[in-house]
Amino acid sequence: MDNKPKKRKGGFLITLGLLTIIAALGLVGYNVWDAKRAEDASKEIVDQLDAILPAERTLPEEPMIEEAPTREEEAQEEEKKYPPMPVVEIDGYYYIGELDIPDLGLHLPVMAEWDMDRLKISPCHYSGSYYSNDLVVLAHNYARHFSLIKWIDIGAEIYFTNVEGVVYQYQVSNRVTLEPAQVSEMIRNQNNTKGEEAETAEDWDLTLFTCNTGGSTRCAVRCVRTDG
């Protein structure tokens, strides 16, 4: 009996297996390199922010609230608009401040806007504001960005320092897993949801979120302010 076809098939499977292993090692190597690149990029930016921010840090005051322009159909509603968050420019990008998570050893800049290119450099402002107590910050699942927030302890302290040196203090109150389509669940809270019953409304002032391993779900860390 001719065993050559079986040998050829066996050789092909071995070669395919080796190529698969090489590809997997290459992917792991790229992920390690990309995470280190992101860590170095954030460190360079946050060092520049440290040099720009006032040396003396302060606690937040009540923001100036401006009346939003009204239309006839909105005359009965008392809608108010919070002022925009101040920013500083570094290397062509705008930043709203710094995020500190002592329990995780993280000291990171936060960009004012987000897209996939910006996320390769630092965490980014996703929605809301520290003025209106609904700030949401997004980051990649890099080792030195937001990968570790999935295991942060309830009660851990988090600090956000804006570019004027005002420090907002938070405490982790909850961690939740959300589907990618649950955008409203990511940004909704008791402060910006009208008409929701108090016993069912969530209450948080800061959300940090990133993709879980595999990217099919997101981890959202909810925090409440402790300085006010």
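Computed values, structure above
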quantity	calculated
Subset tally (residues that are at pLDDT 80 or above and either among the charged types (D, E, K, R) or not in a loop (DSSP other than H, G, I, E, B) (or both)) for the stretch 175-224	19
Any hit, the stretch 152-174, residues being at pLDDT below 95 and in a loop (DSSP other than H, G, I, E, B)	no
Out of A75, A143, A68, A112, sole residue that is modelled with pLDDT of 95 or more and either crowded, with 19+ Cβ neighbours inside 10 Å or of a type in the set (A, V, I, L, M, F, W, C) (or both)	A112
Conditions (1) more than 17 Å from T213 (Cα to Cα); (2) surrounded by fewer than 21 Cβ atoms within 10 Å (Cβ to Cβ): number failed by I152	(1)
Residues of the stretch 124-135 classified as free of Cβ contacts under 8 Å to residues at least 60 places away in the same chain and buried (at least 19 other Cβ atoms within 10 Å of the Cβ), total	2
Filter result for L104 (in contact (Cβ under 8 Å) with a residue 40 or more places away in the chain, over 13 Å from the mean Cα position of the chain (by Cα) and more than 22 Å from G228 (Cα to Cα))	yes
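One line per residue, one yes/no per condition, for (1) at pLDDT below 85; (2) of a type in the set (D, E):
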{"residue": "L25", "(1), (2)": "yes, no"}
{"residue": "G29", "(1), (2)": "yes, no"}
{"residue": "A38", "(1), (2)": "no, no"}
{"residue": "S42", "(1), (2)": "no, no"}
{"residue": "Q48", "(1), (2)": "no, no"}
{"residue": "L53", "(1), (2)": "no, no"}
{"residue": "T58", "(1), (2)": "no, no"}
{"residue": "E62", "(1), (2)": "yes, yes"}
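The values are calculated or read from the model by the stated rules, or taken from the named source; none is laboratory data. Because the structure is a prediction, the values reported are computed rather than measured. Positions of Cβ are backbone-derived with ideal geometry, glycine not excepted, and every protein chain shown enters the neighbour counts.
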